[in-house]
Amino acid sequence: RSPKQNYGEKVIVQFEDFANHNAFELLAKYRASHLVFNDDIQGTASVVLAGVVAALKLIGGSLSEHRFLFLGAGEAGTGIAELIALEISKRTKVHVGETRKKIWLVDSKGLIVISRKDSLQHFTQPWAHEHEPVDNLLDAVKAIKPTVLIGSSGVGRTFTKEVIEAVSSFNEKPLILALSNPTSQSECTAEEAYTYSVGRAIFASGSPFDPVEYKDKVFVPGQSNNAYIFPGFGLGLVISGAIRVHDDMLLAASEALAGQVFEENFAQGLIYPPLSNIRKISAQVAANVAAKAYDLGVATRLPRPENLVKHAESCMYSPVYRNYR
């Protein structure tokens, strides 16, 4: 029996850590008929998009003006890339097939280009663009000149001194996201990002790093942690009684998280809010996700609550014992 047969239409199935070809196939198979969510593909993408949107306040320009280069073309890389392309499409009203062209991926064989299309897995094929072959990350950085460099490769120390210097040579403030876990697999350390960019990089990572002092300034690296999204995302689905997960809900979650980064965070070079505020952040994410579910007509808890943030907060579990004496 399926979970839906046992628990009904509104049971949420959240899954992760599957081999990437299985994860994409399962998500594609069930997303139209079940309330299903993959944290590796969708949760990671939503958190990273939020960081990129928040970082625009520091690096300048609109989302569509930036060029993105990924190291890593698995679940995380392609999931993040697709959500960025969808957000650019939403903001510019340009078809997603066109906005994908602002995003380039590098895998173990080099830049993903059109001449490699037949040998690529189906989920990487949309990222095969017109360009001559480039077989390593450094040359890809020099050729593409990205403003945003994102690592989701699971391979440590791949953002070398030369790579960071190259991306810093044509960006006043390069955005460098080293997302791989654990710390030993991070594409670079916070210290390397700030040192090799001469203190100009905006940096966040998947693993935690301590603040870095460089030339009498203290830089605080943010952590791109899925805990910012999936608890609030799940709560948004529950309080709206959503029956499907739509990409627009992921965009709504990202926008809510980006909206929780304030001036005092930006002053430290942070593109994520402190995790100590997670309950408040999760309520905002839940409210935005629920609002989108109502707008899309996939919510079943009616009537729609007047104040979704307050409603989300009232539905949150508080791990506190009552005092009966």
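Laboratory data are not the source of any read-out in this text; all were calculated from the coordinates shown. As the structure is a prediction and not an experimental result, all values here were calculated from the model. Backbone-built Cβ (ideal geometry, glycine too); neighbour counts: all protein chains shown.
Considering only beta bridges that DSSP places wholly inside the chain, some 20 percent are antiparallel.
Below 15 angstrom from the Cβ of residue 86, what's the summed charge of the other residues (Lys, Arg +1; Asp, Glu -1)? Summing Lys/Arg as +1 and Asp/Glu as -1 gives +2.
Full extension of the segment from residue 95 to residue 13, taken as 0.36 nm per residue of separation minus the current Cα-Cα distance, would add 26.5 nm. For GluC sites (Glu not before Pro), the sites in region 112-221 that DSSP calls loop and that have at most 11 other Cβ atoms within 10 Å are 130, 172.
Answer rounded, prolate or oblate for region 89-143, using the Cα gyration tensor with square roots of eigenvalues a ≥ b ≥ c: rounded when a/c is under 1.5, else prolate when a/b is larger than b/c, else oblate. Verdict is oblate for region 89-143. To the nearest 0.05, what FRET efficiency results for residue 118 and residue 321 with a Förster distance of 45 Å applied to their C-beta separation? Working from the Cβ atoms, E equals 0.15.
The fewest-to-most ranking of 66, 122, 21 by surrounding Cβ atoms within 10 Å reads 122, 21, 66.
Using a cutoff of 8 angstrom between alpha carbon atoms and counting only pairs six or more residues apart, the relative contact order for region 58-219 works out to 21 percent. Kindly identify region 1-98 as rounded, prolate or oblate by the Cα gyration tensor criterion: order the square roots of the eigenvalues as a ≥ b ≥ c, call it rounded if a/c is under 1.5, otherwise compare a/b with b/c, prolate if a/b is larger, else oblate. In terms of gyration-tensor shape, prolate.
A full extension of the chain between residue 32 and residue 295 corresponds to an added length of 92.9 nm, given 0.36 nm per residue minus the alpha carbon distance. Its relative contact order, with pairs defined as Cα atoms under 8 Å and 6+ residues apart, puts the chain at 16 percent. Among the chymotrypsin sites (Phe, Trp or Tyr not before Pro) within region 147-250, those in coil by DSSP and having at most 15 neighbouring Cβ atoms inside 10 Å are 170. Relative contact order of region 110-202, taken over Cα pairs closer than 8 Å and 6 or more residues apart, is 25 percent. Among beta bridges from DSSP that stay inside region 58-219, the antiparallel ones total about 25%. Assuming a ≥ b ≥ c are the square roots of the Cα gyration tensor eigenvalues, decide whether region 58-219 counts as rounded (a/c under 1.5), prolate (otherwise, with a/b larger than b/c) or oblate. Prolate, since a/c reaches 1.5 and a/b exceeds b/c. Between residue 310 and residue 263, the FRET efficiency from the beta-carbon distance, with R0 = 22 Å, is close to 0.30. Fully extending the segment from residue 198 to residue 218 would add 5.9 nm, taking 0.36 nm per residue of separation and subtracting the current Cα-Cα distance. Can you pick out the pairs among 29/145; 101/280; 57/292; 57/101 whose Cα atoms lie more than 31 Å from each other? Table pairs above 31 Å Cα-Cα are 29/145; 101/280. At a Förster distance of 22 Å, what's the computed FRET efficiency of residue 131 paired with residue 109, Cβ-Cβ distance as r, to 0.05? The value I calculate is 0.95.
Taking other Cβ atoms within 10 Å as a rough exposure proxy, 57, 217 sort from fewest to most as 217, 57.
Spin-label pair residue 280-residue 56: with each label point 7 Å from Cα along the Cα-Cβ axis, the two points sit 2.4 nm from one another.
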